[in-house]
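Heads up: the structure comes next, in structure tokens.
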Amino acid sequence: MRQLRTCIYILFALSFVALLLTVLVFSKRENEKAKRLEVEAQVKELLGEKDRLTQAYDSAKTAKGEAETKLDQEIRRARELEQELVIEKREKDQLAGQVATLSRDLETLNTDYEAVQSKYEDVARTVKQLKDKFEQLKRQRASEPVELPPVVVKPEKDLKGEVLVVNDVFKFVVINLGQNDGLAEGMFLDVVRGSEKVARLQVDRLYDSLAACAVLRQNVETPIEMHDLVHTV
């Protein structure tokens, strides 16, 4: 009887231990399941975060590429603007040089114009004086003809100039040689055009840088013209 009780106690103890083990195993499995679910949730969350980070990285990479492209464009534009500024500065300097040159040319032209104007006024006065003198000589010859002996004056050196004024009515010309050049009244000069002798002149009225010359003879087919060359005989 005692043995039966012992066996019952043992069976009861074993059942309790088995139940306890079952509870422990079930509890452990539930814990493991909960941990697994938690880990899966964390993994899922990490995968989502990974996807978000991947998208953010791709967006940042795209933005970086666009920024680099824009930066390259701005650098090229800056270089183009720098070249344009260099070209504009060069053109500005060239224009400034041209303006300075034109200003100097204008001053020279004004000076030349004043000189030409003064020379023209001298020539005009000379022409008027010669006209008056020829009119006076014409009246004198009409009332009392006088034949003057020829006066021949030899220059110390060969003088060369050109014709400034031609008067076909009174048969005289004005040349750009005068007393300052060594010319003297009575000297003879030849008018030439190329290799052809056009006329023979004689100095009649002398000034510092001009002279009025009477036309002694000339080629009818090639009359004297302005800018024809003259030289002493």
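Listing for the model above:
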| read-out | value |
| --- | --- |
| Top of V43, V192, V166 by mean-square fluctuation, Gaussian network on the chain, Cα under 10 Å | V43 |
| Distance in nm between pseudo-label sites at R205 and L229 (7 Å out along the Cβ direction from Cα) | 2.8 |
| Globularity ratio of the stretch 1-105, using Cα Rg and 2.2 N^0.38 Å | 3.40 |
| Choice from L159, L189, L53 showing the highest fluctuation, given a GNM over the chain with Cα pairs closer than 10 Å | L53 |
| Inter-label distance, nm, simple model (7 Å from Cα along the C-beta direction), R52/T222 | 10.9 |
| Average Cα contact separation per residue, the stretch 151-232, under 8 Å, 6 or more apart, as relative contact order % | 36 |
| Cross-link pairs beyond the 25 Å C-alpha cut-off, checked among K157/K197; K128/K171; K50/K70; K133/K157 | K50/K70; K133/K157 |
| Where N is the number of residues in the chain, Cα Rg divided by 2.2 N^0.38 Å | 3.52 |
| Mean separation of Cα contacts under 8 Å (6+ apart) over length of the chain, as relative contact order % | 13 |
| Cα long-axis angle, helix 2-143 against the chain (0 to 90 degrees, to the nearest 10) | 0 |
| Label point distance in nm, D190-K157, each placed 7 Å from Cα along Cα→Cβ | 2.0 |
| Sparsely packed GluC sites (Glu not before Pro) within the stretch 155-233, loop by DSSP, other Cβ within 10 Å at most 16 | E156, E185, E221, E225 |
| The stretch 151-232: translational diffusion in µm²/s, Stokes-Einstein, Kirkwood Rh over Cα pairs, 25 °C, 0.890 mPa s | 201 |
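No lab work stands behind these numbers, since they all come straight from the coordinates. Just so it is clear, the model here is predicted, and its values are computed rather than measured. So basically every Cβ, Gly included, is an ideal-geometry build from the backbone, and we count neighbours across all protein chains shown.
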